[in-house]
Structure formats: C-alpha cells, structure tokens
2 protein chains.
Amino acid sequence: MARKLLYNGTIVTSNTNNEVIENGAIGIEDETIIYVGATPEDFASYDEKVDLKGNILLPGLVNTHGHTPMSLLRGYADDLHLQTWLEEKIWPLEAKYTPEHAKWGAKLSILEMIRTGTTTFVDMYDNMDEIAKAVEEAGIRGVLCRGVIGFGSDELRQSKLKEAADFAKSWNNGAGGRITTMLSPHSPYTCSPEYISQIIDKSVELKVPLHTHMSETKFEVEKNIEEFGASPVVHLDNLGFFDRPSLVAHAVHVSDEDIEILAKKDVKVSHNVISNLKLGSGIAPIGKMLEKGVTISLGTDSVASNNNLDLFEELKAAATIHKGVARDATVITAQQALRMATIQGAESLWLERRIGSLEVGKDADFIVVNTNQSFFYPKHDPVSHLVYSGSGRDVKDVYVQGKQILDNGQFKTIDEEKVLYEANRMSKLLS
Amino acid sequence: MARKLLYNGTIVTSNTNNEVIENGAIGIEDETIIYVGATPEDFASYDEKVDLKGNILLPGLVNTHGHTPMSLLRGYADDLHLQTWLEEKIWPLEAKYTPEHAKWGAKLSILEMIRTGTTTFVDMYDNMDEIAKAVEEAGIRGVLCRGVIGFGSDELRQSKLKEAADFAKSWNNGAGGRITTMLSPHSPYTCSPEYISQIIDKSVELKVPLHTHMSETKFEVEKNIEEFGASPVVHLDNLGFFDRPSLVAHAVHVSDEDIEILAKKDVKVSHNVISNLKLGSGIAPIGKMLEKGVTISLGTDSVASNNNLDLFEELKAAATIHKGVARDATVITAQQALRMATIQGAESLWLERRIGSLEVGKDADFIVVNTNQSFFYPKHDPVSHLVYSGSGRDVKDVYVQGKQILDNGQFKTIDEEKVLYEANRMSKLLS
C-alpha cells in the first residue's frame, strides 16, 4: 500500500470550517486521504513526496448538470431564441447522432473537465454505455443517467425506460465505485404525469435518485400552469418526485411557494448560471434559495449553451451576477461559491461522505492550481483568487481516488490529440 | 526594412465586414500591416515567415477603463458594500501608496494584460510618470490620464490639475506613438462644477480628450439630482463636457433621456460589466445604448473589483448577461461583443485609424490564440469560440506596432519573476 505526501502547498479544504492551511500537506494511501494538516512529523515515512511549491490544492470540482456528447455542437449555433435554437439547429443534428458521436463527444467533454479541474460530473443523455465506458477509461467520476423524453408511442416510452433502468442497474457503483446512477425524466413538459410516475416507481425499485430539468424558462412554467394547474415544482411534488432523493437543474423561475417546497423536501438545485444567461432564460433566485436552506451546486449544462465546461467560470459568474442583480456586493461570497462547486456539489449527488472536501477518510479527489502567475499575486486570500481571478486553465494536476490523471497539464489516461481529431471528424459528419 | 509574414492561420479581422479568413496570412513591414488575405503570391519574398499552424490571429484587445496600480490590492477585500469597501479597505491602503507602489502595481497589471491579449489599455490614476515608463518598457500601448479628485483646498486642486496637464502634455504621443493622453476629473460627485469646467478648458488648450467615471451607482445618480437638479449625464452635458471628445466609464444608471444625450454627443461608453456586478452596482442598459448608436467598448476596471484583467472574461460576460436580463438570446451577439473589444475600443480612444482591426496601413497590433485545445474544437465558428469558449490564458503570441512582446506565453520585454516578486513585496508594505 503506497503512501504519498503532497506538501508545501496552500490546502483549501472546504471542510465545515472552510479551513485553509498555509504550508500545508495532504497524505494519501491508495484511494484514501489519511492526513490533512501542517507538514507531518512522520514526513520521512511516506513512500513518495511531492513538493507543491506553494501552489493551491483544493477538492476536485463537482459539475452537477450536463450533456457530454453535445460538445460536438460547440459554436454550431449561438445567439438564437431558445425554440429556434432547439428546433432548427440542435435537435436536427442530435437526430443524426450515432453511438460513435456520443462516444467522442463525451470524450471531448471529459477531457475538458479534467483539464479545468472537474473530478465529478453529472451526465444526462442517451447511449450512456459509451459515456460510462469513457468515464471508466479516463479515471474521472460520473453520476450518470439515461435521460428519457416521453414523446411518441407507449412502446417507445417503455423501451426508453427499460434502457434507462438497465443502465442504472448495471453501472451503479461501476468503474471501481467512480460511477453512480440516477433515473431521469427529461422534464415535466416532455414527460406525461403517468410516465413520470412510472419513472419514480422504478427509482424506488432500483434505489437510485432522480434528476430532471425544471423551471428553466418562464414560458415552460406558464405552460405547466395552463396544462396542469400547477407550477412544475408543485406538479412534481404532487407526483411524489421529491419524496425521492432528487436533483433538479435550473430552477430559474420559481416562486416563494416553490422555494418552500424545494427546501422542505431537501431537493438539490443545480445552478447553471452561464447557460441560463446565454439561452436568455433568466437568472435563478439563488440568494433566496440559499436563505431558505436549499442545497445549491453548480452545473455548466452542455457545451452547446455555455460554450465550455470550465467550472471556474461558473464560480465567478455565481459570485458576481447575483450581487449585480440584487445591487448588493455582499450576496454570495467567494467562499459560498466555492462550497457550491465542492462540498455542496457532493451533497447534491449524495456523495458527501466520499468526496467534496479534504478530510481524512474521504477519497483522494483533488486538484492543484498553478499560482505562480499574476492572477494569484499578491498573495492575499487564496479563496478569493480561485473564485474571482482564477481559471480552469490554471489547473495543473488532477487526482481522482488517489490516482493522478492530469500531470502538469498533460493527460495521463487520455490521448488528447486523438480525441480532438475524432471529435472534429464526428462533428463534420453531422452537418 | 524587415518584412514578416504570418501564414496558415484563421485571421479574424474585425474589419467593416467582420471578415474571417481561413488559411489566411498577414504581412507586416516594421510597424505596419502591409497585407491581409489568403497566402500571398509573393510568399517567398518575405524576409521572415511564421507558420500559424491553424491558430486564430485577431486584433489586440482594447481595455478602455482601469487603474493599473490597484493590482496590489487583488483579493484584499471582496464581498463588501461599495462604501465599506472604499472607505474602510481601499482608500486607507491607497493613502499609503508611494511612486514605487504605483510602479510595481502597474507592471503587474501590464504583464497580466499582455499575457491575456490586451495590447491597448486606458489608465486613470496618479504617479502617472511611473505608469508611462512601464508602458514604454513593456511595449504595450496606453491611453493615460492623471485622475483628479477635487477634495481639499483650492491650492491642492490646482496643483493636481497642473500635474495632470503637465503629464498630458509631456507624454502625449510618447513611447514611439504608443502613448496618448487625456484629462480626467474622477467623477461629478468628487469634483465641483467649477473644477470640472477648469479641466474642460485645459483639455481644449491641450487638445486632449476627457475621461471620467459616470453614473456607476443608483445612489450617485440620486445624489447628483439632489445636489445639482440633474442626472450626471445632463449635469456634465450642461458643463460642456460632451462638447469635447469624451469617454465615460460605467453608465450603469442612465435614463432614456441620458442615452439620447450620449448618442447625440457621440460620447464613448466603457462597459465594465464584471466590476459593476461584483461591486453590486447593477447592469448597464447596453442593448438600449447600442440601439441608439452609442459607441460601446469594454473595460475591466481595476483588479480590486474584478479581480483580473482578462478581457476575454468581459467578452463572454457582455455577450451573455444582457441575454439573461432581457430574456432574449439574440441580444449582443458574439460578433458584437468582439467588436466592442477591438474596433469599437479603438474608436472609443480616437485610435481607429491606427488600431482595432486588421487592415493594410494600420499598425501591426495583434494576438495569436492557441486553438489546439478542446475549447476550440470542433472547428466551427471561430468568433463564437473566442467569445464563448476562449480565455485570455489561450493567448500565445502578442505583437504591438509590429514588435513581438509575448512569444508562446513567454514575455520578451518583462522579467515576469521579478514583477511577481516585487508586486508581492510592495503589497505587504501596505498592510
């Protein structure tokens, strides 16, 4: 059992006290963190020692909403109304997707997430076996679900649900525990109440959580009220969705009553701030939700509406936009934003006992940021520098479950040149 | 006279037609662009040839508002109400500044701007000789002004104005034409109408433009109306400020009447979107101003309220935030944002005949972005990739007036290690 010590760094722990340890060290044995603190007295006893040279070491970031295969559509269509964008651009191309497209799109996204410091991500798409295999190979951690849209015949619906359930069953705790699974109706506006109820029942049977898109646009909320006499939140609550562990993406247009329900039922909300801006959806009332005790995490959504997967951009956006909207510079501090991308991300995926903070006994998922650059000078508050000045491009090393998968910007588990080439080739086959 | 050709790149010109040339080339002779187009027939006749290897080459970015010496205060105070931030944190530290602080703060900022692709920047501060010398050394381009605050005795005011005028006179067209100057009353709320009038008169005498902060917060606008019976825009217009070439920073809280005046008087507006968010000031009505024909450019403001000088972040913020606020994904396209950071930046500084786009006869100010990374794959619209997916960290080469000052991420005119060290040392002397 190899014991490794990383020392002489600034350790940003994201623990309960938001402790930051200057000249700190972290010890790992195989997959697990065995030490966090000042340089230890038993320094000499470690098999391998890595000098962090003053760089910042922090928990790997957690991206709680996305669709990795859509990276093939980066820059293909921007600056369009949501419906035009979906109906005329995105959906026609997605209709041409083969498993091979999903595979290389997922690989491109996973590469980009590792490069920018994300160690755990949520994915909702189809051809999920390809994505799970890509996660297994790359050494990243994934919480995966086959998203189902309830259009078409009942036969089609049942076959999709079966596919989703089979995937959730066969891959849960896969890839050495790096993969967990969920079930996922796409949204209340694409799945009938009956279909959602069937998916909820299946999630009880399989003991997996639920994930869905919810209240992303004002139009969608109004339509839901018109059709079902209730907001999407009330509607899902009535169906029993929130009696299951559940994660919802967006929650942009939620009322005070909605927020009360989300808080009471401990629904996890994935805040996709940049995607919501770029698609013209609006700005989620995150300050209010935090006040009411809702667990908020950060998601990039897909590359098609972002257009990258650098969670550091979400960190800065989350910590600045709500200040501007509320005209109050004290709203969402740098520290609060960082917790959303670390421990609250883990909580949102029911993984907080394993990841999300640097504490003894947790899995060794962490990243090292190169602070020998202007962006981190002068050497004041490291959390401020990470959130307001840093970039995913500043990440140099990435570890997941104790295994290094990025070393000084170089991938150890991915053939970068091949992924870029194949992703480009597959994208050309779409248009 | 050395002739150099950069070829085999994607040339994003920012010319009137927003032309993008695939497999393009740019030829320069000394300071000047002599060719833009496909690989030229007289390829062999160039003295030096640089293979761009498919990377994107675009005009150097223009940052139209900032305070470079304040980089020493990065991360020193965040998440505070504007007045607390200024009065309890920023001003007490600034009061301790010596010319040595201004010098190393400016050098840290200039280094960061070059590293992230800015080739021209506006600076409003004091100890401006130090800043001008730093510009001269680094090879960047600066539009500089000694900002004056009208508090204290009339003697103090006059001595500041004299200092500002002396600086504007002695450095205008300095550093081989890379420096131009302006005069700058800090703001209508820190300078009396009489003092502003004196500064306007001096600008006529020296034939230099005017720069000021304006309508940054709601409080400031309300106070102006209370004190002078007019909004800051109407107030400045009444004083004759806008009869001079003038650049105003912020314009967050402007009425329809204000916007009419800004348009009619051709006032240039520097949009500091991230700083306005982070300080809780609000979100400027840029869509409306563009509609009325106001020239909008992008500024970072200082590092103390941003917290970096990467203009790519402003590009993405400007192209996404207004979509979210207006709930309209067609507001401010990627191309519009890029024009704000290039040709409209040049127009805002009355330098559009020399910089801001890649056209024959203009100065050779441009940057090369490394597109051999996931962020630029698949190879769809390069402008979308630059604005929505790119980062200043992706800039590899920077040229100003035909001289290369960044080469594959390495500084050619700056001792990076020394600047980081000295900036850190000087900042420690403040607290």
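The values are calculated or read from the model by the stated rules, or taken from the named source; none is laboratory data. Computed from a prediction, not measured in an experiment: that's the story for all the values here. Note that each Cβ is placed from the backbone with ideal geometry, even for glycine, and that neighbours are counted across all protein chains shown.
Looking only at the stretch A:371-384, filter to residues that are among the polar types (S, T, N, Q) and part of a helix (DSSP H, G or I); which one of those is nearest to A:Leu311 (Cα to Cα)?
Filtering first and then ranking leaves A:Ser384.
Inspect all residues belonging to the stretch B:420-429 and state whether any of them is farther than 30 Å from A:Ile110 by Cβ, within 13 Å of another protein chain (Cβ to nearest Cβ), among the charged types (D, E, K, R) and touching a helix residue (DSSP H, G or I) at 6+ places or on another chain (Cβ under 7 Å).
Within the stretch B:420-429, one or more residues are farther than 30 Å from A:Ile110 by Cβ, within 13 Å of another protein chain (Cβ to nearest Cβ), among the charged types (D, E, K, R) and touching a helix residue (DSSP H, G or I) at 6+ places or on another chain (Cβ under 7 Å).
What residue, among those in the stretch B:85-106 that are more than 10 Å from chain A (Cβ to nearest Cβ) and in contact (Cβ under 8 Å) with a residue 40 or more places away in the chain, is farthest from B:Val419 (Cα to Cα)? Step through it out loud before you land on a result.
Quick first cut of the stretch B:85-106, residues more than 10 Å from chain A (Cβ to nearest Cβ) only: B:86-103, B:106.
If we keep only those that are in contact (Cβ under 8 Å) with a residue 40 or more places away in the chain as well, we get B:90, B:93, B:96-97, B:100-101.
Numbers: B:Ile90: 22, B:Leu93: 20, B:Lys96: 20, B:Tyr97: 17, B:Glu100: 12, B:His101: 12 Å.
Only one residue tops the list, namely B:Ile90.
Just one of (1) touching a helix residue (DSSP H, G or I) at 6+ places or on another chain (Cβ under 6 Å); (2) assigned by TED's automatic domain parsing to the domain that holds A:Ile11; (3) assigned to a loop (DSSP other than H, G, I, E, B); (4) not acidic (Asp, Glu) trips up A:Val387, so point out which.
The single condition A:Val387 does not satisfy is (3).
Which ones in the stretch A:222-255 are surrounded by fewer than 23 Cβ atoms within 10 Å (Cβ to Cβ), over 17 Å from A:Leu349 (Cα atoms) and either hydrophobic (A, V, I, L, M, F, W, C) or in contact with a strand residue (DSSP E or B) (Cβ under 8 Å, 6 or more places away or on another chain) (or both)?
Those that are surrounded by fewer than 23 Cβ atoms within 10 Å (Cβ to Cβ), over 17 Å from A:Leu349 (Cα atoms) and either hydrophobic (A, V, I, L, M, F, W, C) or in contact with a strand residue (DSSP E or B) (Cβ under 8 Å, 6 or more places away or on another chain) (or both): A:Ile225, A:Phe228, A:Ala230, A:Val234, A:Leu239.
Of everything in the stretch A:110-149 that's surrounded by fewer than 24 Cβ atoms within 10 Å (Cβ to Cβ) and either at pLDDT below 95 or acidic (Asp, Glu) (or both), which residue is nearest to A:Leu406 (Cα to Cα)?
A:Glu137
Return the residue satisfying two criteria in turn: it lies in the stretch B:401-419 and is farther than 18 Å from B:Asn55 by Cα and out of contact with any helix residue (DSSP H, G or I) (no Cβ under 8 Å at 6 or more places or on another chain), and of such residues it is farthest from the other protein chains (Cβ to nearest Cβ).
This residue is B:Gly402.
Report yes if B:Val233 is within 25 Å of B:Leu82 (Cα to Cα) and assigned by TED's automatic domain parsing to the domain that holds B:Val122, otherwise no.
When the stated conditions are applied, B:Val233 passes them.
Take the stretch B:327-347 and flag every residue that is more than 8 Å from chain A (Cβ to nearest Cβ) and either in a helix (DSSP H, G or I) or not β-branched (Val, Ile, Thr) (or both).
Passing the criteria: B:Gln335, B:Gln336, B:Ala337, B:Leu338, B:Arg339, B:Met340, B:Ala341, B:Ile343, B:Gln344, B:Gly345, B:Ala346, B:Glu347.
In this structure, is A:Tyr399 crowded, with 21+ Cβ neighbours inside 10 Å, touching a Gly at 6+ places or on another chain (Cβ under 8 Å), at pLDDT 95 or above and outside any strand (DSSP E or B)?
no
Could you name every one of the helices (runs of 4 or more DSSP H) located completely within the stretch A:251-326 that has at least 1 residues being of a type in the set (A, V, I, L, M) and closer than 20 Å to A:Leu61 by Cβ?
A:273-278, A:286-291, A:311-326
Does any residue in the stretch A:54-69 that is within 16 Å of A:Thr39 (Cα to Cα) come within less than 9 Å, Cβ to Cβ, of a residue that is among the hydroxyl-bearing types (Ser, Thr, Tyr) six or more places away or on a different chain, and which pairs are these?
Filtered contacts from the stretch A:54-69: A:Gly54/A:Thr10; A:Gly54/A:Thr371; A:Asn55/A:Thr10; A:Asn55/A:Thr371; A:Ile56/A:Thr10; A:Ile56/A:Thr371; A:Leu57/A:Thr10.
Can you tell me how many residues in the stretch A:16-31 are surrounded by fewer than 16 Cβ atoms within 10 Å (Cβ to Cβ), in contact with a strand residue (DSSP E or B) (Cβ under 6 Å, 6 or more places away or on another chain) and farther than 19 Å from A:Ser384 by Cβ?
Adding up the residues that qualify gives 0.
Return the residue satisfying two criteria in turn: it lies in the stretch A:71-84 and is more than 7 Å from every other protein chain (Cβ to nearest Cβ) and assigned to a helix (DSSP H, G or I), and of such residues it is surrounded by the fewest Cβ atoms within 10 Å (Cβ to Cβ).
Step one: filter the stretch A:71-84 for residues more than 7 Å from every other protein chain (Cβ to nearest Cβ), giving A:71, A:73, A:77, A:83-84.
Filter again for assigned to a helix (DSSP H, G or I), leaving A:71, A:73, A:83-84.
Numbers: A:Ser71: 29, A:Leu73: 25, A:Gln83: 11, A:Thr84: 13.
So the residue we want is A:Gln83.
For residues that are surrounded by fewer than 24 Cβ atoms within 10 Å (Cβ to Cβ), more than 14 Å from B:Val325 (Cα to Cα) and touching a residue at least 40 places away in the same chain (Cβ under 8 Å), tally how many sit in the stretch A:319-331.
1
For the list (1) outside the structural domain of B:Ile296 (by TED's automatic domain parsing); (2) in a loop (DSSP other than H, G, I, E, B), I need the number of the one condition that B:Gly27 fails.
So the condition that B:Gly27 fails would be (2).
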